[in-house]
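Peer 1: Below is the structure I would like to discuss, written out as structure tokens.
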Amino acid sequence: MRPHRRTDDMYFVYLILCEDGSLYTGVTNNIDRRFTEHHTKSGGWHTRLHKAVKLLRTEEFTTKSEALKRERQIKGWRREKKINLIKYGKPIV
């Protein structure tokens, strides 16, 4: 995983693999800090119950609004579609 710089003018949508095999999707402006929070169980409710083990994908956006819209879109997908996004860079159904 390459380091991501913190920036107030960039937002990231990310997908994380949890130890139980579940996928977590979120938004942040500091991916390194946020992954550490999830990994140490001080992040979102899902990763408090299911420890984050690996950052699988990030997407960059210039506005928080764009990032939140993409997060909602991805969260609405079935697992298979999310896995295809991770593997192939597109949500092949």
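The values are calculated or read from the model by the stated rules, or taken from the named source; none is laboratory data. Here the structure is a predicted model, which means the values were calculated and not measured. Glycine gets a Cβ as well: all are built from the backbone with ideal geometry, and neighbour counts include every protein chain shown. All accessible areas refer to the heavy atoms of the entire protein, side chains included, with ligands and DNA or RNA removed. Shrake-Rupley method; radii C 1.70, N 1.55, O 1.52, S 1.80 Å.
Peer 1: Identify, by number, the condition in (1) more than 24 Å from Asp9 (Cα to Cα); (2) without any contact (Cβ under 8 Å) to a residue 40 or more places away in the chain; (3) under 12 Å from the mean Cα position of the chain (by Cα) that Glu80 doesn't meet.
Peer 2: Of (1) more than 24 Å from Asp9 (Cα to Cα); (2) without any contact (Cβ under 8 Å) to a residue 40 or more places away in the chain; (3) under 12 Å from the mean Cα position of the chain (by Cα), only one is false for Glu80: (3).
Peer 1: Moving on. List pairs: first in the range 56-71 and over 9 Å from Val27 (Cα atoms), second β-branched (Val, Ile, Thr) and open to solvent by 40 Å² or more (accessible area, probe 1.4 Å), Cβ under 6 Å, 6+ apart or cross-chain?
Peer 2: As it stands, the answer is Leu56/Ile86; Arg57/Ile86, since those pairs meet every condition given.
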